[in-house]
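Trainee: One structure follows; several queries about it will come next.
The values are calculated or read from the model by the stated rules, or taken from the named source; none is laboratory data. Note that the coordinates shown come from a computational prediction; the quantities given were computed from them, not determined experimentally. Positions of Cβ are backbone-derived with ideal geometry, glycine not excepted, and every protein chain shown enters the neighbour counts.
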Amino acid sequence: MSRRLASLLASLLLAIVAASAAIAQPSTPSVHPGTRLNFAATVGPAQFVRASSYPVGRSTVYVYQYLAGRMHLSVDVYDGGRRVPAGSDNPTVISQFNEEVTAIERSLKSQGVTNFERPAVPSLCTYGATSFRCIVMSGHIQGGGRGFSKLLLTGFRDHFVKIRADWQHSDGLTVTNADQALQGFVTALMR
């Protein structure tokens, strides 16, 4: 992926963080109150970068961001104002997953990403003891390289847990590298 795409992805991430910070609550706990997930300074192979939280309707979205080498990992924990059934294969998670994929695709296209690709059907991914609905998406910036994003979603302790790994092909990273980073990260986080 070119520096231009990397810059675009970084700008998009910073814009999301800035928007979140503008309406963020005073502090985001390192242990999520509903799921009791511990977002420590180091989780598996990843180092903590920042956390924020912001209201959406009757819910609060908690966002935790990490770096695993040159791979960006983010975790969003929220309930959408409803009780979320456990697992990745229930109608609530399937519907939310489809909404998340559509929102990501729209956002990337509005940022100039072209040749957006994703499989027609998502997969089931298991990291540690946790199964997620998952998909790998990629896109290209004109004159640049290819960027990749792997989206994971599951229901966990009445909440959605959305994990996203973003990386650049030009950094020499592949889906296999993402799976290795996610295996260590998710296994350490979801225990």
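Trainee: Just a yes or no: is a residue in the range 86-97 within 18 Å of the chain's Cα centre (by Cα) and charged (D, E, K, R)?
Mentor: no
Trainee: Does residue 130 count as under 27 Å from residue 40 (Cβ atoms) and without any contact (Cβ under 8 Å) to a residue 24 or more places away in the chain?
Mentor: Against the criterion (under 27 Å from residue 40 (Cβ atoms) and without any contact (Cβ under 8 Å) to a residue 24 or more places away in the chain), residue 130 does not qualify.
Trainee: Among the numbered conditions (1) under 24 Å from residue 28 (Cα atoms); (2) surrounded by 14 or more Cβ atoms within 10 Å (Cβ to Cβ); (3) over 16 Å from the mean Cα position of the chain (by Cα); (4) of a type in the set (D, E, K, R), tell me where residue 100 comes up short.
Mentor: It fails just one condition, (3).
Trainee: For residue 71, which of the numbered conditions (1) within 20 Å of residue 158 (Cα to Cα); (2) touching a strand residue (DSSP E or B) at 6+ places or on another chain (Cβ under 8 Å); (3) modelled with pLDDT of 95 or more fails to hold?
Mentor: The single condition residue 71 does not satisfy is (1).
Trainee: Working carefully through the options 136, 186, 113, find the one that is buried (at least 22 other Cβ atoms within 10 Å of the Cβ) and under 13 Å from the mean Cα position of the chain (by Cα).
Mentor: 186
Trainee: Counting just the residues of the range 115-155 that are out of contact with any Cys (no Cβ under 7 Å at 6 or more places or on another chain) and of a type in the set (Phe, Trp, Tyr), which one comes out nearest to residue 182 (Cα to Cα)?
Mentor: 127
Trainee: Identify all residues within the range 156-178 that are surrounded by fewer than 16 Cβ atoms within 10 Å (Cβ to Cβ), in a helix (DSSP H, G or I) and either without any contact (Cβ under 8 Å) to a residue 12 or more places away in the chain or in contact with a Phe, Trp or Tyr (Cβ under 9 Å, 6 or more places away or on another chain) (or both); write none if there are none.
Mentor: Matches in the range 156-178: 175, 176.
Trainee: Moving to a separate point now. Does residue 93 fit the bill of being in contact with a strand residue (DSSP E or B) (Cβ under 6 Å, 6 or more places away or on another chain), crowded, with 21+ Cβ neighbours inside 10 Å, β-branched (Val, Ile, Thr) and not in a strand (DSSP E or B)?
Mentor: Against the criterion (in contact with a strand residue (DSSP E or B) (Cβ under 6 Å, 6 or more places away or on another chain), crowded, with 21+ Cβ neighbours inside 10 Å, β-branched (Val, Ile, Thr) and not in a strand (DSSP E or B)), residue 93 qualifies.
Trainee: If you take the residues in the range 116-133 that are surrounded by 15 or more Cβ atoms within 10 Å (Cβ to Cβ) and in a loop (DSSP other than H, G, I, E, B), which one is farthest from the chain's Cα centre (by Cα)?
Mentor: Across the range 116-133, the extreme among qualifying residues is 128.
Trainee: Looking at 136, 186, can you tell me which residue is in contact with a Phe, Trp or Tyr (Cβ under 8 Å, 6 or more places away or on another chain) and outside any helix (DSSP H, G or I)?
Mentor: 136
Trainee: Restricting to the range 66-93, what's the tally of residues that are free of Cβ contacts under 8 Å to residues at least 40 places away in the same chain and within 19 Å of residue 190 (Cα to Cα)?
Mentor: Selection size over the range 66-93: 1.
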